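The values are calculated or read from the model by the stated rules, or taken from the named source; none is laboratory data. On a predicted model such as this, the values are computed, not experimentally measured, just so you know. Backbone-built Cβ (ideal geometry, glycine too); neighbour counts: all protein chains shown. SASA here: full protein model, heavy atoms, side chains in, ligands and nucleic acids out. Shrake-Rupley method; radii C 1.70, N 1.55, O 1.52, S 1.80 Å.
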Amino acid sequence: MIATLATALGVNAHDPAFWMPLVFMALLFAIIVAGTVLDGFDIGVGCLALFAPSDLRPRMLSLLSPWRDANEFWLFLGMGLFVAAFPHAWGSVMGELYLPLCILALGVLLRSVAFELRLRSPVELQSRWLFGFALGSLITALAHGFLLAQVVVTYQDDVGYLWFSLFVGLSAVAAYCLLGSAWLIMRVGGELRARAVMWGRRAVRWAAAGAVGVSVVLAFGNAGIFLKWSDGPHWSIVVAMWFSVLICFVSIEMCFQRMINSSYRTTALPFVMTLMVFLITLGGLGYSFFPYLVLDDITIWDAAASVDSLRLVLAATVVALPVALIFNLWVYWRMFGLSIAPTPPEFKDQRAGGGNIVV
């Protein structure tokens, strides 16, 4: 496939002007996947905080504390890499996606500010900042869905496409809520886990509807993408992908139902299955759009910076990427497994003195 692309462009596959944009496109896609998945449970838990009882909200945010700084890293890294490696597409993309990108920036800013100020504010004001974090999470999730919908419909703004964008925005909120609830099921117990199961059951079908809607509109709205998936030997891949997504959603639904009927036990299965849905969906979108940054208009080679500039960016990436990987591996390796809430000081004193503990 790579050799065919090089021949179509009339260049040698070993020419830096050909392979360097491919490298940066692969890096950008990896950052998008990492940001969507690793920041996704953070956004999902934030959205779910809007529906949680007030006494459970502080516990939900305390679970996110180890990952907040790492989660903010992906968005800025992706934006910086996109501007540096593909400057000729920035103006076109920004012009078409100005509104959803501004909404996304507002949501991210509100999340960051509210989370930090909640930790530093008096007790009586912490609930307000907690609500601000939850609202920022909701805005961020809606903005992600709206961005995806606008890219899928190639920035068209007719009334029907706006309704589709709203549907995808709500489905994105449901998908992040599903990821957040699955993560809570894996991380905590008690009432919060029971509520997470109920939230997940309500979100899973909306998330499935959104995945199907985006795939159908993308395939039937663009003849090139439809032919890419339907022509030649790709039918087996299409069937395998849809079958995998179906199995994941059915497994999630069955797991939630079993937990309600038997016991609210710790399990990582819904979280792993939800991650698989995200990865398959993003992989399908990446394959559908390749090699375009703006569908049917700007390819990655059209948008790429000069070879000298790409060499400079690549040199900086080679230095920074190992540091970023080590940092994120160190931070995220504890995101799996049950989290034990800290014991209140008075309970510790009672244990030490042999006093009775009333639960």
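The stretch between Leu227 and Ala316 holds 28.2 nm of extra length on full extension. This uses 0.36 nm per residue minus the Cα-Cα distance.
Between Asp302 and Val33, full extension at 0.36 nm per residue minus the direct alpha carbon distance yields a gain of 94.5 nm. Ligands, DNA and RNA excluded, the heavy atoms of Asp302 present near 90 Å² of accessible surface to a 1.4 Å solvent probe. With R₀ fixed at 45 Å, the C-beta to C-beta distance from Ser92 to Asn261 puts the FRET efficiency at about 0.30. One chain, two ends: Val83 and Ala240. Fully extended at 0.36 nm per residue, the span grows by 53.0 nm beyond their Cα-Cα distance. Rounded if a/c is under 1.5, else prolate if a/b is larger than b/c, else oblate: which is region 26-287, with a ≥ b ≥ c the root eigenvalues of its Cα gyration tensor? Oblate. The distance between label points at Ser251 and Phe220 comes to 2.9 nm (points 7 Å beyond Cα on the Cα→Cβ vector).
Taking only protein heavy atoms and a 1.4 Å probe, the accessible area of region 105-193 is 71% carbon and sulfur.
Leaving ligands, DNA and RNA out of it, report the carbon-plus-sulfur percent of the accessible area of region 256-315 at a 1.4 Å probe. Answer for region 256-315: carbon and sulfur cover 62 percent of the accessible area. Ranking Phe327, Phe18, Phe220, Phe131 from most to least accessible surface, computed with a 1.4 Å probe over the protein chains only, gives Phe220, Phe131, Phe327, Phe18.
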